[in-house]
Amino acid sequence: MNRKKKNRIKLGKVYLVGAGPGDVGLLTLRAKECLEQAEIVFYDSLVNPEILRFSSQAKLFHVGKKPYRSHISQKKIENLLIAAAKKYQNIVRLKGGDPFIFGRGGEEGEALAKNKIPFEVVPGVTSAIAVPAYAGIPLTHRDFGSSVTFVTGHGYQEEKRKEAIDWNALVRERTIVFLMGVQGLNENFKHLTSHGLDPQTPAAMIEWGTYPFQRTITGTISSLPSLVRKSKISSPAIAVVGKIVRLRDSLKWFEKKPLFGKRILVTRAAEDLSLLSNQIKRLGGETLEFPSIAIQSIGNKSHIDQAIQ
């Protein structure tokens, strides 16, 4: 009996944490707390590298997926979390956006529960809401629609699976948001029009939303695919469909910041970097921190005093 107790492994706790859409300022206080206490962090490709600074004490393990590239399978990620729980006490699985909105957090939670590993879900600001907001597109409005539907942009592939998208129901929605929407944009929009949606329905594509280099292209569901190709929009990007897109002309605010689209090199001393960098970011700019100045006290400065005199 005592031997069994002695050999029993104390399992650590896994935190399924949402990192938000990209802007570090949208990270939740609870997420920051988890990152600061983590011993190991498994993070996705879309997590802003600046967020990882909160886990300087932890081991960092990239498990992200990128289009057209080999990547760690979902099963392997789940096995890594299970193995980590047997070695560490505080494990963070860091996901872009929210872990339960197209983040496979549910699958990972199921795997942990099956193996009796304690876990906690830390919701994040989902890109489905935040990215259109940064583009000046509210997803609900009394004059344009009181409902919104979130759809995976890989919907055109879902037809081959059990859970196919109900396109007849989808075209009746006032506002539709396609996440991960670049690769299947043309096919998804063809589905919408073939199921009765007006080809002149306004649509927008937002690339790298909430980042200082965010780009937004607007058009209609008939014109947007070609506009996206001409502008060379790539992932990550979100598509919004509906009359509500028209509000962008009057509500866009992020791109109007005075330093939006500017990349600024900050060369101050390391201890002074954050103050200036934060001011630049508040004005919409992107910073590259390269400390090239060091300020130190000197010992015997009598020769300097003499020179001044």
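The values are calculated or read from the model by the stated rules, or taken from the named source; none is laboratory data. In this text, all values refer to a predicted model and were calculated from it rather than measured experimentally. Backbone-built Cβ (ideal geometry, glycine too); neighbour counts: all protein chains shown. Accessible surface is based on the protein model in full, side chains and every heavy atom, while ligands, DNA and RNA are left aside. Shrake-Rupley method; radii C 1.70, N 1.55, O 1.52, S 1.80 Å.
Inside the stretch 281-309, can you point out the residues that are part of a helix (DSSP H, G or I) and more than 21 Å from the chain's Cα centre (by Cα)?
Correct list: Ser302, His303, Ile304, Asp305, Gln306, Ala307, Ile308.
Each row is one residue, and each column tells you yes or no for (1) of a type outside the set (A, V, I, L, M, F, W, C); (2) closer than 30 Å to Gly284 by Cα; (3) modelled with pLDDT under 95.
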| site | (1), (2), (3) |
| --- | --- |
| Asp98 | yes, yes, no |
| Gly109 | yes, no, no |
| Phe119 | no, no, no |
| Pro123 | yes, yes, no |
| Ile129 | no, yes, no |
| Pro138 | yes, yes, no |
| Ala164 | no, no, yes |
| Glu173 | yes, no, yes |
| Met180 | no, yes, yes |
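Inspect all residues belonging to the stretch 248-264 and state whether any of them is in contact with a helix residue (DSSP H, G or I) (Cβ under 8 Å, 6 or more places away or on another chain) and among the hydroxyl-bearing types (Ser, Thr, Tyr).
No, the stretch 248-264 has no match at all.
Quick one: which residue in Ser250, Ser292 is farther than 28 Å from His141 by Cα and either open to solvent by 50 Å² or more (accessible area, probe 1.4 Å) or free of Cβ contacts under 8 Å to residues at least 40 places away in the same chain (or both)?
Selected residue: Ser292, the only one of Ser250, Ser292 that is farther than 28 Å from His141 by Cα and either open to solvent by 50 Å² or more (accessible area, probe 1.4 Å) or free of Cβ contacts under 8 Å to residues at least 40 places away in the same chain (or both).
Name every residue in the stretch 105-124 that is touching a Ser or Thr at 6+ places or on another chain (Cβ under 8 Å) and open to solvent by 50 Å² or more (accessible area, probe 1.4 Å), in order of residue number.
Result: Pro123, single match.
Specify which of the listed residues (Ala19, Ala83) is open to solvent by less than 20 Å² (accessible area, probe 1.4 Å) and of a type outside the set (D, E, K, R).
Criteria check complete, one pass: Ala19.
Please specify each residue of the stretch 118-150 satisfying the condition of being part of a loop (DSSP other than H, G, I, E, B) and out of contact with any strand residue (DSSP E or B) (no Cβ under 6 Å at 6 or more places or on another chain).
Gly136, Pro138, Leu139, Thr140, Arg142, Asp143, Phe144, Ser146, Ser147, Val148
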